[in-house]
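Structure record follows, encoded as structure tokens.
The values are calculated or read from the model by the stated rules, or taken from the named source; none is laboratory data. Quick caveat, the model's predicted, so the values are computed rather than measured. Cβ atoms come from the backbone with ideal geometry, glycine included; neighbour counts cover every protein chain shown.
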Amino acid sequence: MREPAYDTALAEEDAMRRSSTIVSIVVHAIVVAGALMAQLVAVGPLPAVPHEPMTLVGVIPVRVIDIPLPPPQHAARGPASVDPIGPSVAPIEAPAGVAHEAAPTCTDCTTTDAIGVERGVGSSEIFGRADPIPAAAPPPAPQTPIHLRSDMQAPRKMRHVDPVYPRVAQAAHIEGTVILEAVIDVNGAVTSVRVLRSIPLLDQAAVDAVRAWTFTPTLLNGVAVPVALTVTVRFEMTR
């Protein structure tokens, strides 16, 4: 026979086991519900699916009507018509006689010699006459200065200017000859001067003097051309 205290302990143990089971079920339900809510919040609302209205197109029956074609018309054939011979058709028979036309008379006509040269009344013989051959045009004049050659007409000095002896060169007793190259245009004017052999204290005086010179135009085949000449300027002190 069991004791009352033992039965009481078993009853309390069963009650605690049932209560723990219920609490465990409730806790699991809360955890599952929380997980589902978290997923729904993370995903967000689902996009709405647009609904397009449906249009029903009715089919209209078409009736085909056969239209009869008209019968072909045949043109009536008749005898071919023959055009009568009109007045514009040439006659078949030759005329009885043909009148001869008189040769025209000419008071001022040209005659032909036996060699085939025409002559007019009162004109001279033109056999062997030919137009003169035009002379060949001279070659164009060069645009750049050229050096003086033997086939060119050399320019002549029209104006001469003596150089001014620099005082510094006189004080230093400097003498000598400056060699220059002068370019003369088609009018005979000196357009540029270049020093070929230099004496430093005398170069500028020589260049200034040559720039003031003038010449006659240089001719090549009768045409004025620019030319480059070599000129010298002598500096010598008087004693």
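Could you please let me know if R149 is among the charged types (D, E, K, R), modelled with pLDDT under 90 and surrounded by 11 or more Cβ atoms within 10 Å (Cβ to Cβ)? Walk me through it before giving the result.
Details: among the charged types (D, E, K, R): yes; modelled with pLDDT under 90: yes; surrounded by 11 or more Cβ atoms within 10 Å (Cβ to Cβ): no.
No, not satisfied.
Any residue in segment 161-175 that is assigned by TED's automatic domain parsing to the domain that holds A212 sitting within a Cβ distance under 8 Å of a residue that is of a type outside the set (D, E) and loosely packed, with under 11 Cβ neighbours inside 10 Å? List the pairs, counting only those 6 or more apart or interchain. These pairs meet every condition: Y165/M237; Q170/M237; H173/M237; E175/M237.
Which members of segment 154-194 meet the condition of being within 46 Å of the chain's Cα centre (by Cα) and surrounded by 13 or more Cβ atoms within 10 Å (Cβ to Cβ)? Write out each step before concluding.
Keep residues of segment 154-194 that are within 46 Å of the chain's Cα centre (by Cα), which gives 181-194.
Selection gives E181, A182, V183, I184, D185, V186, G188, A189, V190, S192, V193.
All of (1) at pLDDT 95 or above; (2) in a strand (DSSP E or B) hold for A205 with one exception: (2).
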